[in-house]
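J.: Structure incoming, see below.
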Amino acid sequence: MRLEAYTAALERAGADAFVLTSEAALRHSTGVFLYTQRLIPQRPVAAVLRPRQQPRIICCVLEADQLAAEHPGLDLVTFREFGDDPWRHAAAALSQARRIVVEDTMPAAWVDALRERLAGAEVMVSYDVPLEPRLVKDAGEVALLERASRAAEAAVARGAALLEPGRTEREIADAIAGALRGTEKGTSDVAGLCIGPQHNRAMHHEPRGVPLPERGPVRLGVLGRVEGYWVLITRMAVLGEDASFEEAYERYVDVYEAGLADLHAGAEPRALYEACRDRAADAGFTLETLKIGHGTGLDFRERPWLAPWDDLALVPGMVLAYDYGLVSREGVALHLEDRVLVEASGPRRLSSGWMLRDLRSGHGALLGAQGRDA
């Protein structure tokens, strides 16, 4: 949990408990996200944070199963949708607290309800809600995203090891998704990716039950949330012999890796995009996408956008979804995606990256190689 910043805010306020109810603060502090926070305000979701204690989540009983599945180990307290009082349950969780701070965005009626049920305790509004680490990740967030990236890469490896003519895109995509679900607790919204040669130009493609052919490029990947944080890793492989694709892929990887090495603190998105565009042109490609990456975390897409229109320079602690596709002279789409941490000393790929140069690792070597860096 990312609670250090909230503990510091409590210390500054001289308080011993924090009550959070906004979608942004709940997602940042605990990873919890429920669409009903926007659609059904009569069913509040609240987090009670206290130093050195696990956060307690107050939620409607109808949402308990979802939260328990997505966040195993949460301390959940539930209320019935009708005829129950969520603030009575919140007050019970705060029974030993003498000074409580709540977010300034918390509706006044909710604050009044807490005050009424906490006679003798002081409930005060705080304007000190530390959400900036959503763009600049703390050590716990970085560790989680690195673990998730390695697990996603290993899941892609499981699918690549099955890659052979006659298998279907759907079969391999399902194996990849199942591998991530089986490895990472608190995983949700998982989807495997397998794009065979027949659908190569499709950047977003639902895997189908069509048998893979004897030769051609295959794009593999997995998307999912781990403890509320998004991860997406994509890699490429090849079936049979395809010399023109392999030559184009080598040029693409050279451009891709050089651009990743540019992701230093202080770098500006416009310059990063233009450098990538120029390298792509020198390698015989045309960069057509409007971005080459973006920040990521609790939101799938966060600032900065690695694009000409964003002026937010990179700073240490940002985690970037680094990805873009190029099309070869022969019309073959090439695409990779990684999670990259910006550190003071330079960029660091959160996955190991060992599969990038090994297009045939899916035919046996992949699972053996996995142990090197996983």
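J.: Under the 0.36 nm per residue contour assumption, what length would be gained going from the current alpha-carbon distance of SER244 and VAL210 to full extension?
T.: Going from the current span to full extension adds 9.8 nm.
J.: Quick check: from the Cα gyration tensor, does the stretch 196-314 come out rounded (a/c under 1.5), prolate or oblate?
T.: oblate
J.: Of all trypsin sites (Lys or Arg not before Pro) in the stretch 76-159, which ones are in loop regions per DSSP and have a Cβ with at most 13 other Cβ atoms within 10 Å?
T.: Listed in order of number, the matching sites are ARG80, ARG98.
J.: Tell me, how many Å apart are the Cα centres for the stretch 300-318 and for the stretch 64-113?
T.: Cα centres, the stretch 300-318 to the stretch 64-113: 34 Å.
J.: Quickly rank 245-253, 190-198 as a protection proxy: mean count of other C-beta atoms within 10 Å, highest first.
T.: Per-residue Cβ counts within 10 Å, averaged per peptide and sorted highest first, yield 190-198, 245-253.
J.: Can you put ARG201, ARG219 in order of Cβ neighbours within 10 angstrom, beginning with the fewest?
T.: ARG201, ARG219
J.: What label, among (1) 25.1, 87; (2) 23.4, 77; (3) 20.8, 79, belongs to Rg and Dmax of the Cα atoms in Å computed from the structure on display?
T.: Computed from the coordinates, Rg and Dmax of the Cα atoms in Å corresponds to (2).
No lab work stands behind these numbers, since they all come straight from the coordinates. Nothing here was measured: the structure is a model prediction, and the numbers come from that model. Positions of Cβ are generated from backbone atoms using ideal geometry, with glycine treated the same way; all protein chains shown enter the neighbour counts.
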